[in-house]
Amino acid sequence: MSRTYDPHSIEEKWQAEWDAAGLYSVTEDAFKPKKYVLEMFPYPSGDIHMGHVRNYSIGDVVARYFTMRGMSVLHPIGWDAFGLPAENAAIKSDSHPAKWTYANIEKQATSFRRMGFSYDWDRTVRTCDPEYYRWGQWTFLKFWERGLVERKNSPVNWCPGCKTVLANEQVLPDGTCWRCKSVVEKRELEQYFLKITEYAQELLDDLDELPGWPERVKAMQANWIGRSEGAEVDFTLCDAAGEPTDTTITVFTTRPDTLFGCSFFLLAPEHPLVREFVTGTQYEAAVMDVVRAAAKESSIDRSSAEKEKRGAFTGRYVINPVNGEKVPVWVSDYVLMEYGTGAVMAVPSGDQRDFDFARTYDLPIPPVVVAEDDMLFSQLSGVRERVLADVPWEVAYAGPGVMVQSGAFTGMRGGKASEGMKAVTEWLAERGQGRFSINFRLRDWLISRQRYWGNPIPAIHCPECGLVPVPEADLPVMLPMDVDVTKGETLADHPEFYETTCPTCGGAARRETDTMDTFTCSSWYYLRYCDARNDDAIWDPAKTDYWMPVDQYIGGIEHAILHLLYSRFFTKVYRDMGLVSFAEPFTNLLTQGMVKLDGATMSKSRGNVVAPEEIIAKYGADTLRAYILFMAPPDKDLEWSNEGLDGMWRFLGRAWRYITEVAEESAAGASGVAAGDPATKLLSRERHRVVGKVSDDIERFQFNTALSAMMELLNTAYDYRRGVPAGSRDVGLERDVAETLTLLLAPYVPHMAEELWREVLGRAESVHLQSWPAWDPAAAVSDEIEYAVQVNGKVRARLTVAADAPEDVVREAALEQVAEHVEGKTVRKVVVVPGKLVSIVVG
RNA sequence: GCGGGCGUGGCGGAAUGGCAGACGCGCCGGGUUUAGGUCCCGGUGAGGCGACUCGUGGAGGUUCGAAUCCUCUCGCCCGCACCA
């Protein structure tokens, strides 16, 4: 009695059954190798979208496959549940962020169950639960103890849309907020920072320890950390009368070898000395024009390289330590206060920006490093004194060359990391006027947020004792639920929350009302999954030692810097605290591509969304899972197409029919005729070849070709049924093929495979508890092999020989086959590629 | 400008230096069906009646053999960027 494939009658049935049986709960098992398969946890936005389907389907196939390969597999899920969208939604719907968040989590969890994902639900975390966020607060206190928390006043990114500050990483390249796209403003505020810069070098170096990460992501992180090697150089400041003072201004440069070509000196408009220099002088008006213009400009315009560089002379001079020259100090908007020291030595002959500025304001451009093939080379080679104060060039020369007009250093090699660079720095260091230095682009991580729906910062402001940490015993600082965000309230509007006493002196004090950046919550959740229900500690190191590091992490490229950099930082600090024994949390990283429609990313606002629920309603979850994996390799962007979906539906229907037919026939006791006929041998070979291919492909994340291989096996199996009359078929083999196919399909279409395994093939135990089918590479090889015979690179004949035929036999047979193409010519070379082809060269 | 990546049929995509286009979609033809859909069978890179010839953005090179390796070049995508 055969039924057709009807996903709707089986999917929910098995989901309930798996749940009841606790099929996906895992514990540490000392006798099995472990695998930790993790997909980036979602923000509970409510509906799931195709990006989720793709991300979590990839992880689910990998997790189920490793389980069938006999591993102990940790595959958890949770929710990154704090954050601004909940507040915005609450305001819109006159509700509470908690209510909205928990409702969405329920909804999304239901969708995930509906997809049949094999999560260990016992380990779920929700970052807005006090049982979770208390350990985030604990982590903050531990960072504080280690000197990694700093509260400081500085210019910070303020998003007027989100009404809070942002970390540098959360401002997009165009100067807008990563979440709401408002133009970010600079404000001078006192905020909390985590000192990620203390780990800058290690974060950079350890990228080399991550061969399992995409080059692209590592390049982006290296770029973001932005290490540059150079020197600090101290310039002596002159007073208003032009006489040297005791004060120096330090600059950072990557090219100390060009110091002799410094013809002016620059300060950022925000530099505190600017105002001091010009107030009450004839230069004040022009300089303050530049300062005000820079302040008014958004960071978008400010960072445009095309823009005309604006500047003004401050009336002051500094003294160049290498030659004692007095150099004029200018202010210019192309100097950034945030990078280096906010002051720059300008070498217009060696730096395009300085070159442009010098041309605009008619400043000298003395050449100091020239290439051997430059027309100036013969004129200046070996010349120590400055004889030429300008260049005939159209652009600056930043490449390597020979130093000229550079005193005692003349004749040395100049350029990045050059002999001259080292020599000049050493010379300066001996005189205390400079030193080797390394500068990073990475800034400390600003983590305080002026928003309600987040993890409260466990700190107390005491008028007597200053800023005091909340004692560990008092954790968690509970986020109060009676804050009404619809009225625009934050923690700062709730005296019941902030009025407290100082834990040190007992006097009246004020509790911190800022909350933490939600990226702090997602920087350690993968560790908490290892011991999610622990109320006495953040985790038991024995458990993290067992499960960690994550063997396979899967998520979107949008976290290439943000989440992945922060998590690496947290892991390194936990390591220094002795809480974990490894330095990198994610051994292998897969960044999946986007799901697009009509060439554009699917988004509600664009209106080009295909809802997973609609596909599930029509085809079931299994078809959707298999199809989204079949469409493209996982790291590539994918163009959604509804037509192709029918192809996957047909394949699953065909597989279903084949397996049910064979199951009935074998159950009816049809005798196996173990004939050694070619068709039977072919099917047997295919069975072994395909199991091998599917296994390899899953391990390489080639889910599309794994599914193709299963289609090939099914096609061969149908050819056999049609080509060989009933009664002459090897029913035992067909039964084996049907069972094997069911096992191969199990990670992709878990419900269908389960129904086939238990209800059709009549097995008692879940298909998901079975071992992955074995395969014998030798059995995949035919006893006869067809060789292609090439003459001068063109295939001229085909040759079938026994698989074990020795090479010289193959060679002779091949020459015989192509006699007509060889006749009258000299055979110059014969290459036999075993099992593939014979290449004959004649001439 | 710096860094990373990609160019293969009508489409999505296969191919660990060894027969380019697996598998699927679409399309064409046929069968089953009262009909449509489902389902089943066959065909499907281009040119040629044909044996054959040409084909992986373009031009060179290495090799018996190149989609794959090297050099140059064109086009596209992504990241960073007045970072001193």
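Each value in this text was obtained by applying a stated rule to the coordinates, not by laboratory testing. This one's a predicted model, so the numbers in the text were calculated from it and none came from an experiment. Virtual Cβ from ideal backbone geometry, glycine too; neighbours counted across all protein chains shown.
Key figures
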| read-out | value |
| --- | --- |
| Neighbour-count ranking [beta-carbon atoms within 10 angstrom, fewest first] of A:444, A:696, A:517 | A:696, A:444, A:517 |
| Positive-pole candidate from A:620, A:638, A:652, dipole of the range A:568-693, charges at beta carbon | A:638 |
| Length-normalised contact order for the range A:228-439 - Cα pairs under 8 Å, 6+ apart - percent | 26 percent |
| Nearest-0.05 FRET efficiency for residue A:103 and residue A:275, computed from C-beta distance (R0 60 Å) | 0.65 |
| Label-point gap, in nm, between residue A:478 and residue A:220 - each point 7 angstrom along Cα→Cβ | 4.0 nm |
| Chain A, dipole about Cα centre (Lys/Arg Cβ +1, Asp/Glu Cβ -1), debye to the nearest 20 | 980 debye |
| Trypsin sites (Lys or Arg not before Pro) lying in DSSP loop within the range A:421-469, provided at most 11 other Cβ fall within 10 Å | A:431 |
| Rg/Rh ratio calculated on Cα atoms of the range A:641-779 (Kirkwood radius) | 0.95 |
| Two-site FRET efficiency, residue A:250 against residue A:443, from Cβ-Cβ distance with R₀ of 30 Å, rounded to 0.05 | 0.95 |
| Extension gain (nm, one decimal) between residue A:323 and residue A:807, 0.36 nm per residue minus Cα-Cα | 166.5 nm |
| Gain on full stretching of the segment that runs from residue A:679 to residue A:17 - 0.36 nm per residue minus C-alpha separation | 234.3 nm |
| Two-decimal Rg to Rh for chain A - Kirkwood Rh, Cα set | 1.08 |
| Under Karplus coefficients 6.51, -1.76 and 1.60, residue-wise ³J(HN,Hα) of the range A:473-486 in Hz, glycine/proline x | 5, 8, 6, x, 6, 6, 6, x, 8, 8, 8, 9, 5, 5 |
| Under Karplus coefficients 6.51, -1.76 and 1.60, residue-wise ³J(HN,Hα) of the range A:12-27 in Hz, glycine/proline x | 5, 4, 6, 4, 5, 5, 4, 4, 4, 7, x, 4, 10, 7, 10, 9 |
| Pairwise label distance in nanometres, residue A:816 with residue A:712, each label 7 Å out on the Cα-Cβ vector | 3.1 nm |
| Magnitude of the charge dipole, the range A:782-842, Cβ model with Lys/Arg +1 and Asp/Glu -1, debye to 20 | 480 debye |
| 11 Å cut-off, amide nitrogen to a point 7 angstrom out along residue A:771 Cα→Cβ, residues in the range A:712-752 | none |
| Leading residue at positive end of dipole, chain A (Cβ point charges), from A:567, A:196, A:397 | A:397 |
| Dipole-positive endmost among A:803, A:767, A:813 within the range A:706-843 (Cβ charges, Cα centre) | A:813 |
| Dipole magnitude of the range A:558-615 about its Cα centre (Cβ charges: Lys, Arg +1; Asp, Glu -1), debye to nearest 20 | 200 debye |
| Fewest-first ranking of A:52, A:8, using other Cβ atoms within 10 Å as the exposure measure | A:8, A:52 |
| Phi to ³J(HN,Hα) by Karplus 6.51 cos²θ - 1.76 cosθ + 1.60 over the range A:78-93, Hz, x for Gly, Pro | x, 10, 8, 9, 7, x, 5, x, 5, 5, 5, 5, 5, 5, 4, 9 |
| Which of A:519, A:313 has the fewest Cβ neighbours within 10 Å, and the rest in rising order | A:313, A:519 |
| Value of [θ]222 nm, deg cm²/dmol, for chain A, DSSP H segments ≥ 4, -39500 (n - 2.57) each, nearest 500 | -11000 deg cm²/dmol |
| Sites matching GluC sites (Glu not before Pro) across the range A:374-467 that sit in DSSP coil, with at most 15 neighbouring C-beta atoms within 10 Å | A:385, A:394, A:464 |
| Overall Cα dimensions of the range A:782-842, principal axis frame, Å, largest first | 35, 17, 16 |
| Beta bridges by DSSP in the range A:503-657, antiparallel share as percent, to the nearest 5 | 20 percent |
| Calculated diffusion of the range A:228-439, Stokes-Einstein form, Kirkwood radius summed over Cα pairs, 4 °C and 1.567 mPa s, µm²/s | 74 µm²/s |
